[in-house]
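Undergrad: Please see the structure below; I have some questions.
The values are calculated or read from the model by the stated rules, or taken from the named source; none is laboratory data. All of these numbers come straight from a predicted model, not from anything done at the bench. Please note: Cβ atoms are built from the backbone with ideal geometry, for glycine as well, and neighbour counts cover all protein chains shown. Just the protein is used for accessible areas: all its heavy atoms, side chains included, with ligands, DNA and RNA removed. Shrake-Rupley method; radii C 1.70, N 1.55, O 1.52, S 1.80 Å.
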Amino acid sequence: MHYAIIAAGEGSRLVQEGVAVPKPLVDLDGRPMIRRLIDIFASYRPESLSVIVNEQMTAVREYLESIAPELPFPLRLTVKSTPSSMHSFYEVSREFQAGKFILTTVDTIFRQPDFIRYAEAFDADDSADGWFGVTDFIDDEKPLYVDVDPAGYITAFRDAPDGHDRYISGGIYGLTRPALKVLEECMEQGVSRMRNYQRALISAGMKLRAFPFPKIVDVDHAGDIDTARRFINEQ
């Protein structure tokens, strides 16, 4: 399995709220959050890891370069500032090798056992174009609601709730090579948000499975750091 992490955001909200450490290096459990994520990926059949950081995050780049020799898989690092997470995805996708890949943002916090179950399900399925992590734990400023049919396939992504919502997107994307074709088309058309890319996948007829995670926490504000730490300690 190939993995990718988007860590190219500026983390401006954390800075404004007094967090001086770059978001990827915030300590959640004795490790920077990006190292915790890398260690989770290392627990399930890792073949390679691609990471994108912005040009201003020299401390993050230096940290990744320092740990690269000890990792049990190649680390492909892209240093580039981008206008959106979808643009970051496009940049890092150039490093993807043949096969399936799982992409997350650096501030997506989940438990390792839940992730392994998800990765195993995605790895074993050759009929779907992708498996997306979803959760019914809604604690996000702007959640992306996910409609799922009785067979577990995603039918729509919505910005607003409709009163029958069960899941939101967890920011965990397991995809196959055909999804990159849709990404290229989105870039050509000027699409600039990951949620619109996800909608484009549905419009293109991609078969996307939803995999429910009991809980996923996003770290956007200083208060979310304590929430993430408590969540991790609940294990």
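Undergrad: Take every Cα pair under 8 Å in the chain that's 6+ residues apart, average their separations, divide by the length, and report that relative contact order as a whole percent. Display every interim value, and only then the final one.
TA: On the way: 408 pairs, mean separation 58.5, N = 235.
About 25 percent, as a whole number.
Undergrad: Rg and Dmax of the chain, Cα atoms, in Å?
TA: 16.7, 50
Undergrad: With only alpha-carbon pairs counted, each pair once and no self-pairs, how large is the Kirkwood hydrodynamic radius of region 36-107 in angstroms? Before the final figure, lay out each step's value.
TA: Working: mean 1/r = 0.0776 Å⁻¹.
It is 12.9 Å.
Undergrad: How large is the convex hull of the Cα atoms of region 104-173 per residue, expressed in Å³ as a whole number?
TA: On the way: hull volume 7.3 nm³, N = 70.
Convex hull of Cα atoms, per residue: 104 Å³.
Undergrad: Could you check how much of the accessible area of region 1-129 is carbon and sulfur, as a whole percent, using a 1.4 Å probe? Don't jump to the answer; show the numbers that get you there.
TA: Values: 2470 of 5320 Å².
Of the solvent-accessible surface of region 1-129, carbon and sulfur hold 46 percent.
Undergrad: So, in Å, what gap is there between the alpha-carbon centers of region 23-101 and region 201-233?
TA: Their Cα centres are 18 Å away from one another.
Undergrad: Give me the accessible area per residue for the chain, probe 1.4 Å, as a whole number in Å².
TA: Working: 10410 Å² over 235 residues.
Accessible area per residue: 44 Å².
Undergrad: Take peptides 173-184, 49-60, 118-129 and line them up by average Cβ neighbours within 10 Å, highest first, as a rough protection proxy. The partial results should precede the final answer.
TA: Working: 173-184: 18.3, 49-60: 20.2, 118-129: 15.7.
Top to bottom by mean Cβ count within 10 Å: 49-60, 173-184, 118-129.
Undergrad: Pairs of lysine in the chain with Cα under 20 Å and at least 8 positions apart or on different chains: total? Intermediate results must be reported in sequence, preceding the final value.
TA: On the way: LYS23/LYS80; LYS23/LYS142; LYS100/LYS181; LYS100/LYS207; LYS142/LYS215; LYS181/LYS207.
So the count works out to 6.
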